[in-house]
Amino acid sequence: MLEKNKAIQEGAENKEQSQVIIRPQSDLTILNNIHDVWVNRDIAWTLALREIQIRYKQSVIGVAWALVQPLITTLIFTLIFGFLVKIPTNGIPYPVFVLSGLLFWQYFSKVVVESSGSLVKNEGIITKVFFPRLLLPLVPALSAAVDMGIALIILLALMLIYGTPPTPYIIFLPFLLLATGLLGYGIGLILSPINAIYRDIGIALPFFIQIGMYLTPVIYPVSFVPEKYQWLFLLNPVATLLDTARAVMLGNPFPSLAAFGILLLWTALIFIIGFRCFRKLEPAIVDRI
Amino acid sequence: MAPIIQVSNIGKKYRVNKAAQGQDTLRDVIGSFFSRKDKKHAAKSPENMREFWALKDVSFEMNEGEVLGIIGRNGAGKSTLLKILSRITTPTKGEAMLNGRVGSLLEVGTGFHPELTGRENVYFNGTILGLRKHEIKARFDEIVAFSGVEDFIDTPIKRYSSGMKMRLAFSVAAHLEPEIMIIDEVLAVGDIDFQNKCIGKMRDVSSSGRTIIFVSHNLMSIRQLCNRCIFLENGTLKEDSKDVAHVIGQYLQKDEQKNQFEWFNKGDLDFDEITPERLRITNKEGKPIARPISADEEVFVEIHCNVKTKSNYLSVGYAIYDHAQSLIYYSYHSDLHNGEKPEQGKIIFKSRLPANIFNDGEYTIQLIAGIMHHHALLTRENSLCQIRLKVEGNPLRSSLWIGNRHTTITPVLEWNISNEC
């Protein structure tokens, strides 16, 4: 919002203290933005819960769909790339390999797509009620976690079936998922306001996501690519996250420090641009509707 | 005692040419990131836009427990002011300080999700208004009881009638005990009983020391409820007094003077595509009628425009409101598929106002125009090109037509009587 927001949540208990100053221009820093999101996390949870409730309202179909989708995709990829193309996966059974990649990729792409559409989707609310709109692109990162959790259970089951137990490092998996969700949120911060003005972004996005999947080692390992091109994956933040995930789950080698450095740079850059872009376009979006 | 609301010199500028605004903002963003400003575009863009101030230099202060009514004609800036105070939109100028939580109710079913049940929506709305779960829980029964929708609380909102939605929305807003309550014309929906219940509740709320800002075209409820009243005109504050009756009087008087039978362009309104020049009521021969009309009289709405660029998407029309400023309908010359497309030059758009439709009373006719699918020129929110239409002396159409019907319109419709065979 283009105004400072002092102790609005603490005000719930001691209401006398909540004071709001409404101003045309703001000098909000990244830290203010992060603070805004953190203070209002309750709202993000509620919104996410609402999404989940709606998605699984017809619970049988909802949960079944979350189960069937990764299973079928894994099956198809295993048939094509495991049996026909025979992509080498360093001794890891292909279904386990591909599902571990798909799980991450599908979570990431769902967050990016849904959070880019979040402002358009919630037009009705943002023009009628005030709340920090920065939270809207964050909601998919929370709600999509349910589908991902279901896929994760399937993956663990597959790993047991194929006799590839997870490494002890798997306790770091939640952090990786968090980082993936945040990265998607950052991209959503950039794209959601632009999408509200130019709806074609929403149409073009799935296509780019599709391309993105082939540029990321989801269905093949980095080692499958000729060595002289492997450095390109360093530049892909999702590739780094995914390789780290495979390292902690399946015992693959960890990515290099350089890859982590670039990942951090990407994240910082995306959030700096994201917050600026969002704050700048936000008032225009509300006034357009 | 420090004021609970302090509004100083608030101004809000809208850019009417929305298409141009979009391009401009994206350019702004790209420009500010890469500081590669396209000078040609930057020079060109202001011409594409028509700026208009929905609010100009509005200042006032409110103390706790005050109930402020805001009145003014359509487009006077009332809703814009409420939107700024409830932080939905930001002001272009000035500053406002609110010392307390704000609960705003700007439209029926605000923020309700159609798929979720009433119960889930109460929690959802409560959280958005800044309450913790246990705080909502503590008030839940009271909210439901007041709204009178107990039986449907576990039914999805999409099955609610608009009246039920409104009851629940009002009930949530009123029971969450915000220090400042902002309400925009929502009472229009409920039945009389519920309206009275709401007014009673708002009295309770204000007597418990909380502050209410209330916009309504219903001057009766303003008079009943408010202990202070503001009259907005063209975005500026014309009157502000604790003497509510006085402000209402001023408003009605202004309204009388303002709402003439003919509107013409004083040279202050101009678009790239058209210049609206005149709006009036005429008879069949095109003679202006500057008097109340009779319900069965055939009259025409006449709009004079200078069409500067020919466009297949140009739509010129009018909106008509009843005495309470509720929209009855609006109509564009382009409503018909085979409607004629105006050439360039001075064009008269003329539309027959259906006779035997309107009840006795006062109506407002407002000129609206836009380039369809592209951008609006004069919208129902901002168009000040308005004239008054007074309908009088509804004739008794048959010996069985009894007295005045208390409906907005009183159409005389065709009936056929035939034998069943």
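Across segment A:157-170, which residue is surrounded by the fewest Cβ atoms within 10 Å (Cβ to Cβ) among those that are in a helix (DSSP H, G or I) and free of Cβ contacts under 8 Å to residues at least 12 places away in the same chain? Only one residue tops the list, namely A:Pro168.
Just to be sure before I move on: is A:Val225 crowded, with 19+ Cβ neighbours inside 10 Å and more than 21 Å from the chain's Cα centre (by Cα) in the structure I sent? Spelling it out, it is not the case that A:Val225 is crowded, with 19+ Cβ neighbours inside 10 Å and more than 21 Å from the chain's Cα centre (by Cα).
Looking across segment B:297-328, the residues that are assigned to a loop (DSSP other than H, G, I, E, B) and either within 25 Å of the chain's Cα centre (by Cα) or loosely packed, with under 14 Cβ neighbours inside 10 Å (or both) come down to B:Glu298, B:Thr309, B:Lys310, B:Asn312, B:Tyr313, B:Asp322, B:His323, B:Ala324, B:Gln325, B:Ser326. Looking at A:Tyr220, A:Tyr185, just one residue is within 24 Å of A:Gln53 (Cα to Cα), aromatic (Phe, Trp, Tyr), more than 14 Å from chain B (Cβ to nearest Cβ) and in contact (Cβ under 8 Å) with a residue 24 or more places away in the chain, and that residue is A:Tyr185. Among the helices (runs of 4 or more DSSP H) confined to segment A:28-100, the ones with at least 3 residues that are within 14 Å of chain B (Cβ to nearest Cβ), open to solvent by 80 Å² or more (accessible area, probe 1.4 Å) and within 23 Å of A:Pro174 (Cβ to Cβ) are located at A:41-55.
Exactly one residue among A:Val129, A:Val139 is touching a residue at least 40 places away in the same chain (Cβ under 8 Å), within 13 Å of another protein chain (Cβ to nearest Cβ) and crowded, with 18+ Cβ neighbours inside 10 Å, and that residue is A:Val139. When B:Gly22 is tested against (1) open to solvent by 20 Å² or more (accessible area, probe 1.4 Å); (2) at pLDDT below 65, exactly one condition is not met: (1).
One line per residue, one yes/no per condition, for (1) at negative phi; (2) crowded, with 21+ Cβ neighbours inside 10 Å; (3) aromatic (Phe, Trp, Tyr); (4) without any contact (Cβ under 8 Å) to a residue 60 or more places away in the chain:
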{"position": "B:Ile212", "(1), (2), (3), (4)": "yes, yes, no, no"}
{"position": "B:Met220", "(1), (2), (3), (4)": "yes, no, no, yes"}
{"position": "B:Cys229", "(1), (2), (3), (4)": "yes, yes, no, no"}
{"position": "B:Asn234", "(1), (2), (3), (4)": "no, no, no, no"}
{"position": "B:Val244", "(1), (2), (3), (4)": "yes, yes, no, no"}
{"position": "B:Gln250", "(1), (2), (3), (4)": "yes, no, no, yes"}
{"position": "B:Gln253", "(1), (2), (3), (4)": "yes, no, no, yes"}
{"position": "B:Lys266", "(1), (2), (3), (4)": "yes, no, no, yes"}
{"position": "B:Asp272", "(1), (2), (3), (4)": "yes, no, no, no"}
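Between B:Thr80, B:Thr127, B:Thr89, the distinction of being in a helix (DSSP H, G or I), at the interface with chain A (Cβ under 7 Å from one of its Cβ atoms) and at pLDDT 75 or above belongs to B:Thr127 only. Name the residues in segment B:169-181 that are outside any loop (DSSP other than H, G, I, E, B) and either more than 22 Å from the chain's Cα centre (by Cα) or of a type in the set (Val, Ile, Thr) (or both), would you? Listed by number, the residues that qualify are B:Ser171, B:Val172, B:Ala174, B:His175, B:Ile180. Checked against (1) closer than 23 Å to B:Val391 by Cβ; (2) in contact (Cβ under 8 Å) with a residue 40 or more places away in the chain; (3) open to solvent by less than 40 Å² (accessible area, probe 1.4 Å), B:Ser331 passes all but condition (2). Of the residues B:Val247, B:Val205, B:Val186, B:Val215, which single one is modelled with pLDDT of 80 or more and in contact with a Phe, Trp or Tyr (Cβ under 8 Å, 6 or more places away or on another chain)? Exactly one residue qualifies, and that residue is B:Val247.
Residue-wise test of (1) surrounded by 14 or more Cβ atoms within 10 Å (Cβ to Cβ); (2) under 17 Å from A:Thr46 (Cα atoms); (3) β-branched (Val, Ile, Thr); (4) without any contact (Cβ under 8 Å) to a residue 60 or more places away in the chain.
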{"residue": "B:Ile128", "(1), (2), (3), (4)": "yes, yes, yes, yes"}
{"residue": "B:Lys133", "(1), (2), (3), (4)": "no, yes, no, yes"}
{"residue": "B:Ile136", "(1), (2), (3), (4)": "yes, yes, yes, yes"}
{"residue": "B:Val144", "(1), (2), (3), (4)": "yes, no, yes, yes"}
{"residue": "B:Thr155", "(1), (2), (3), (4)": "yes, no, yes, yes"}
{"residue": "B:Met164", "(1), (2), (3), (4)": "yes, no, no, yes"}
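The values are calculated or read from the model by the stated rules, or taken from the named source; none is laboratory data. Worth saying up front: this structure is predicted, and the values here are computed from it rather than measured. Virtual Cβ from ideal backbone geometry, glycine too; neighbours counted across all protein chains shown. Just the protein is used for accessible areas: all its heavy atoms, side chains included, with ligands, DNA and RNA removed. Shrake-Rupley method; radii C 1.70, N 1.55, O 1.52, S 1.80 Å.
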